[in-house]
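S.K.: Got a structure for you, written out below as structure tokens; questions coming shortly.
The values are calculated or read from the model by the stated rules, or taken from the named source; none is laboratory data. Computed from a predicted model, the values in this text were never measured in an experiment. Glycine gets a Cβ as well: all are built from the backbone with ideal geometry, and neighbour counts include every protein chain shown. Heavy atoms of the whole protein, side chains included, go into the accessibility calculation; ligands, DNA and RNA do not. Shrake-Rupley method; radii C 1.70, N 1.55, O 1.52, S 1.80 Å.
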Amino acid sequence: MRLIRLILLVSVLIFSLSAREKVNVNLSNVEINDFVKLISKITNKNILVNYKLTGEVNFISSTPIYDDELLGILISVLESKGYTLIQNGSLYEVVRSADASQSNVRVVDKDKGLSGSLMVTQAISITGENVDIVASKVRYLISKTAKLITMKESNTLLITDYPNNIKTIKKVIEEIDTNSSNIVKIVPIKYTEIKKLQANLANIASSIFNDNIDNEKVKIILDDNINGLLLVGNQKNVDILNELIGKLDVESDGSKTVKIFELKNSDAKNVSDSLNDIIAKQTFPDPDMKPNISMSNEINAVIVVGQPIVIEGIKSIIDALDKEKYQVYVQAKIIQINKTNTENLGIKYGFSAGDVSSSGLYAMSANFGDKTLTDTAAASIASYLGNIGSGAKSAFALGATLDFLQTNGASKSLSNPSILCVNNKESSIYVGKTISVSTGTISSATAGAALTSSYKREDVGLTLKIKPRVSSKEKVTLDVEAVLENVLDDGSNNATHQPVTSKQEVKTEAILRHGESIVIGGLVKSYDVISKTKVPLLGDIPWIGEWLFSSTSTSTEDDNIVVLLTPYVIDNSEELSKLQQDLGILERIQKDYNDKIFAKIRKESKENGSDETGDVNETKTSVNIFGEKKGR
């Protein structure tokens, strides 16, 4: 019994001596030497100071700290002055931080954990990566006075640093040292020619694995002795290639296969040219692997002769190229607007209409946009035309503007064509006339013989070229080129008796939404107008009325040619007939809209006192854009 009590007493005493104690520490402007003495006394450690330490220590503790943490605080203070603390037996010594690695720093076995605040030295083995590469990646993690060296012969890092820093470095190395998970798998090949299979696997691996990441790479090594492949890489990627080998290593007679691909949406010549360009840039380890590609215009098909595995790759390319192409249905309106009549119309109804360019038309259309009417119109077509409804307000206002000008004689519709364009292919519209131009005259040497003249036919008018590029079902880019050729003189007013023509050209690119309209302007034609004015009744008297009661004047007028384009994107052929039905509905809604807005404008004009009557007894003779005379 006495023995048991003695054992318990000794155990309690040992526990009490080894137990951690908490102390309250608050220091203000304490000399470093005094701080060292204080730490030595509290921790009961012998500390040797061989250097003159200067400076003060300030430490504020709001809660008690353990006494064994004071040593770490001392080391932190010494580090700020270029010194550190090392243990030499039962004695602690202050040394320069740069010399710590040469001062018998404690060496910790590589497999043991790290603790404490004093510098230690530990070796770290690198298993899956070159030690110099790993050292370059973790060197920034060590403290400024630490030492890090590499030992290539054992692929080991040797570090002298504080325990916490070494712990961080070891954790980072565990994350980046991933090549250690690589495996080697031997796969015997039974049926397929091994070199062809190796080349195909290499192409597949480079496509599905990232070659820029070392851990993703899989090496495919050919071994003739066992007629097999060695796969070296991580388990996951090796398993993927091994599964592919099982599917590709099948019995085959080794002969090439002929495959005919009938195309539904693309031209066989274009597809075969694209495939031949791709194949010409490829490298085939075995010439027999290279396929032969030709085409048949009669059945619009591509013919491929080659190995089945190669044909499978070509099939995927053909499927991508033979998708149904976008089409763009473009409604065009080519309109001739007389500047003078438009200005008079604007004055008559009280809105500005002097500028008949594209921007001027948009400004003028503001007078034809009624919020109530446009909201109603937009809502009425939303169920038919989808996103066209979002732009219906401006579209209806612009359409009403052009119809109002034409109704009141200020404009003339030259042509309203509609064309269906294939994506990325140019389509054109031509509106005009053909004139004869003399190319030469041949006369005979015989006196009185008739002259023989030769002529060629030239087109004169408006040419509109459109090339669409569809970026999505809701948006299309139009490359537009408009060329206006005009007859200035039919040859009767010049010595050569040859027609004189002018040419104006506009090239532009516009990005439009499905159903959105754009106005292209800038095509202007000037011509002379002969006006004859006479006094009613008296001007009709023969001879006398011609000389005394009438007058003739010549003035120059301008006509603007504007082109209104509205594209509709079609992603399949079935949508075309539905679109045309919807556009018919849209046309009826536009007519109803025009009737209401025109009535509203005329009513406002009467209320404002504008005179809608007033005849001018005059006759005008002018020339339209195609050189034809007209009267007004």
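S.K.: From the list 260, 226, 220, which residue is closer than 30 Å to residue 300 by Cα and either outside any helix (DSSP H, G or I) or polar (S, T, N, Q) (or both)?
M.R.: Only one candidate passes the filter, namely 260.
S.K.: If you don't mind, another one. Mind checking which residues of segment 171-188 are part of a helix (DSSP H, G or I) and surrounded by fewer than 18 Cβ atoms within 10 Å (Cβ to Cβ)? Explain how you work it out, then say what you get.
M.R.: The first filter runs over segment 171-188 and keeps only residues part of a helix (DSSP H, G or I), leaving 171-176, 179-181.
Of everything in segment 171-188, those that are part of a helix (DSSP H, G or I) and surrounded by fewer than 18 Cβ atoms within 10 Å (Cβ to Cβ) turn out to be 171, 172, 174, 175, 176, 179, 180, 181.
S.K.: If we keep just the residues of segment 102-121 that are of a type outside the set (Lys, Arg) and over 23 Å from residue 43 (Cβ atoms), which is modelled with the highest pLDDT?
M.R.: Checking each candidate, the answer is 121.
S.K.: Related question: Open to solvent by 20 Å² or more (accessible area, probe 1.4 Å) and modelled with pLDDT under 65: is that true of residue 624 in this structure?
M.R.: no
S.K.: Looking at (1) surrounded by fewer than 19 Cβ atoms within 10 Å (Cβ to Cβ); (2) assigned to a loop (DSSP other than H, G, I, E, B); (3) in contact (Cβ under 8 Å) with a residue 24 or more places away in the chain, find the lone condition where residue 145 falls short.
M.R.: Evaluating residue 145 over (1) surrounded by fewer than 19 Cβ atoms within 10 Å (Cβ to Cβ); (2) assigned to a loop (DSSP other than H, G, I, E, B); (3) in contact (Cβ under 8 Å) with a residue 24 or more places away in the chain leaves (1) as the failure.
S.K.: Then there is this: For segment 205-231, what are the residues that are surrounded by 14 or more Cβ atoms within 10 Å (Cβ to Cβ), among the β-branched types (Val, Ile, Thr) and modelled with pLDDT of 90 or more?
M.R.: Across segment 205-231, the qualifying residue is only 220.
S.K.: Can you give me the number of residues within segment 192-217 that are of a type in the set (Val, Ile, Thr), within 32 Å of the chain's Cα centre (by Cα) and not in a helix (DSSP H, G or I)?
M.R.: The number of residues fulfilling the criteria is 1.
S.K.: For segment 72-93, which residues satisfy the criterion of being over 60 Å from the mean Cα position of the chain (by Cα) and more than 15 Å from residue 120 (Cα to Cα)?
M.R.: Those that are over 60 Å from the mean Cα position of the chain (by Cα) and more than 15 Å from residue 120 (Cα to Cα): 90, 91.
S.K.: Follow-up. Can you tell me which condition residue 198 does not meet? The list is (1) closer than 30 Å to residue 84 by Cα; (2) modelled with pLDDT of 85 or more; (3) open to solvent by 40 Å² or more (accessible area, probe 1.4 Å), and all the others hold.
M.R.: (1)
S.K.: Among the listed residues 49, 108, 77, which satisfies the condition of being touching a Leu at 6+ places or on another chain (Cβ under 8 Å) and among the β-branched types (Val, Ile, Thr)? Steps first, answer last, please.
M.R.: Values: 49 fails: touching a Leu at 6+ places or on another chain (Cβ under 8 Å); 77 fails: touching a Leu at 6+ places or on another chain (Cβ under 8 Å).
Matching residue, one of 49, 108, 77: 108.
S.K.: Could you tell me which numbered condition residue 122 fails, if it satisfies all but one of (1) in contact with a Pro (Cβ under 9 Å, 6 or more places away or on another chain); (2) assigned to a loop (DSSP other than H, G, I, E, B); (3) not charged (D, E, K, R)?
M.R.: Every listed condition holds for residue 122 apart from (2).
S.K.: Consider segment 24-59. How many of its residues are open to solvent by 30 Å² or more (accessible area, probe 1.4 Å), in contact with a strand residue (DSSP E or B) (Cβ under 6 Å, 6 or more places away or on another chain) and hydrophobic (A, V, I, L, M, F, W, C)?
M.R.: 5
S.K.: Determine whether residue 297 is farther than 16 Å from residue 199 by Cβ, open to solvent by 80 Å² or more (accessible area, probe 1.4 Å) and touching a strand residue (DSSP E or B) at 6+ places or on another chain (Cβ under 6 Å).
M.R.: no
S.K.: Just to be sure, is residue 515 under 57 Å from the mean Cα position of the chain (by Cα), at pLDDT below 70 and open to solvent by less than 60 Å² (accessible area, probe 1.4 Å)?
M.R.: Values: under 57 Å from the mean Cα position of the chain (by Cα): yes; at pLDDT below 70: no; open to solvent by less than 60 Å² (accessible area, probe 1.4 Å): yes.
So residue 515 does not fit the description; no.
S.K.: Let me ask another. Looking only at segment 316-328, which residues are outside any loop (DSSP other than H, G, I, E, B) and surrounded by 13 or more Cβ atoms within 10 Å (Cβ to Cβ)?
M.R.: Scanning segment 316-328 gives 317, 318, 321, 327, 328.
S.K.: So which residues in segment 154-203 are of a type in the set (D, E, K, R) and under 30 Å from residue 76 (Cα atoms), if there are any at all?
M.R.: 161, 167, 170, 171, 174, 175
S.K.: Then there's this: What are the residues in segment 240-294 that are at pLDDT 85 or above, of a type in the set (Asp, Glu) and surrounded by fewer than 11 Cβ atoms within 10 Å (Cβ to Cβ), if any?
M.R.: Listed by number, the residues that qualify are 243, 277.
S.K.: Name the residues in segment 88-99 that are within 15 Å of residue 51 (Cα to Cα) and part of a strand (DSSP E or B), would you?
M.R.: Looking only at segment 88-99, we keep the residues that are within 15 Å of residue 51 (Cα to Cα), and these are 92-99.
Listed by number, the residues that qualify are 92, 93, 94, 95, 96.
S.K.: Now a separate question. May I ask you to say which residue of 446, 439 is out of contact with any helix residue (DSSP H, G or I) (no Cβ under 9 Å at 6 or more places or on another chain), in a loop (DSSP other than H, G, I, E, B) and at pLDDT below 80? Even if it seems obvious, please write down each step before you answer.
M.R.: Values: 439 fails: in a loop (DSSP other than H, G, I, E, B).
Only one candidate qualifies: 446.
S.K.: Given the residues 78, 70, 85, which is the only one that is in a helix (DSSP H, G or I) and within 16 Å of residue 119 (Cβ to Cβ)?
M.R.: Numbers: 70 fails: within 16 Å of residue 119 (Cβ to Cβ); 85 fails: in a helix (DSSP H, G or I).
Of 78, 70, 85, the one residue that is in a helix (DSSP H, G or I) and within 16 Å of residue 119 (Cβ to Cβ) is 78.
S.K.: How many of the residues in segment 84-118 are in contact (Cβ under 8 Å) with a residue 12 or more places away in the chain, open to solvent by 10 Å² or more (accessible area, probe 1.4 Å), touching a helix residue (DSSP H, G or I) at 6+ places or on another chain (Cβ under 9 Å) and not β-branched (Val, Ile, Thr)?
M.R.: 6
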